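Asker: First the structure, then my questions, so here it is.
The values are calculated or read from the model by the stated rules, or taken from the named source; none is laboratory data. Remember, it's a predicted structure, so these values are computed and weren't measured experimentally. Here the Cβ positions follow ideal geometry from the backbone for every residue, glycine too, while neighbour counts run over all protein chains shown. These accessible areas exclude ligands, DNA and RNA; they are computed on the full protein's heavy atoms, side chains included. Shrake-Rupley method; radii C 1.70, N 1.55, O 1.52, S 1.80 Å.
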Amino acid sequence: MGIRFLKIAVVYLVIGVTMGIIMGILQKFQYSPVHAHINLLGWATFALAGLIYVLFPSAAATRLAVWHFWLQNIGVPVFLLSLLFVVSGNAAAVPLTITGSLVTLAATIVFLVNVFANVRESRVPT
């Protein structure tokens, strides 16, 4: 599970870096909130979760990890794409942005429960 998160994180990294470069070249910074969320929710969050799952395989082997994976992989793209529309001036996408946000929040809560239930100090690899 950890490796899956890490591979997806790198995809978000490439998207975020590419978007940042294009925004800079074109001097079009109205999409900065989308760029920031791609880097935070995509790259950073997926990468850190992946590292935690690699370091703590007992947490990665749970149903909670599977739920976390799918909720995160549904919620984040829905949030990001709909946020892109909202920032572009399409207010009709706001409900979808809220939905993506709430699914992402659910994924984060599932991750929290998994970490508290399955990550133990005695299991820290040396």
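Asker: When the Karplus curve 6.51 cos²θ - 1.76 cosθ + 1.60 is applied with θ = phi - 60°, which whole-Hz ³J(HN,Hα) does each residue of the stretch 85-99 get, with x for Gly and Pro?
Answerer: 3J(HN,Hα) across the stretch 85-99, in whole Hz: 5, 4, 5, 7, x, 9, 5, 5, 7, 4, x, 5, 5, 4, 4.
Asker: Between residue 28 and residue 3, with labels modelled 7 Å along Cα→Cβ, what's the label distance in nm to one decimal, could you check?
Answerer: 3.9
Asker: Could I ask something else about it? What accessible area per residue, rounded to a whole number of Å², is obtained for the chain using a probe radius of 1.4 Å?
Answerer: Details: 7370 Å² over 126 residues.
Using a 1.4 Å probe on heavy atoms only, each residue of the chain averages 59 Å².
Asker: Right, another one. Consider a paramagnetic label point 7 Å from the Cα of residue 18 along Cα→Cβ; state which residues of the stretch 83-114 have an amide N under 19 Å from it.
Answerer: 83-85
Asker: Here's something else I'd like to know. May I ask you to give the percent of accessible area on the stretch 1-114 that is carbon plus sulfur, with a probe radius of 1.4 Å?
Answerer: Working: 5000 of 6250 Å².
The C+S portion of the solvent-accessible surface of the stretch 1-114 is 80 percent.
Asker: Would you kindly calculate the translational diffusion coefficient of the chain, applying Stokes-Einstein with the Kirkwood radius from alpha carbon pairs, for 37 °C and a viscosity of 0.692 mPa s, and quote it in µm² s⁻¹ without decimals?
Answerer: Values: Rh = 15.2 Å.
So the translational diffusion coefficient is about 215 µm²/s.
Asker: Can you give the net charge of the other residues whose Cβ lies under 14 Å from the Cβ of residue 1, counting K and R as +1 and D and E as -1? Present the calculation step by step, with values, prior to reporting the outcome.
Answerer: On the way: positive: 4, 7, 63; negative: none.
Local net charge: +3.
Asker: Something else: Give the relative contact order (percent, whole number) for the chain; include only Cα pairs under 8 Å separated by 6+ residues.
Answerer: Numbers: 148 pairs, mean separation 35.4, N = 126.
It comes to 28 percent, rounded to a whole number.
Asker: Still on this structure, I have one more. Taking 0.36 nm per intervening residue step and subtracting the Cα-Cα distance, what contour gain separates residue 54 from residue 121 on full extension? Write down the numbers at each step before the final one.
Answerer: Values: separation 67, 0.36 × 67 = 24.12 nm, distance 1.49 nm.
Once the chain is fully extended between residue 54 and residue 121, it gains 22.6 nm.
Asker: Residue separation times 0.36 nm, minus the C-alpha to C-alpha distance between residue 40 and residue 11: what's the value?
Answerer: Details: separation 29, 0.36 × 29 = 10.44 nm, distance 1.28 nm.
Here the segment from residue 40 to residue 11 would lengthen by 9.2 nm.
Asker: Please give the peptides 20-26, 40-46 ranked by average Cβ packing (other Cβ atoms within 10 Å per residue), highest first, as a rough proxy for protection. Don't skip to the answer; put the middle values down first.
Answerer: Values: 20-26: 11.7, 40-46: 19.7.
My ranking of the peptides, most packed first, is 40-46, 20-26.
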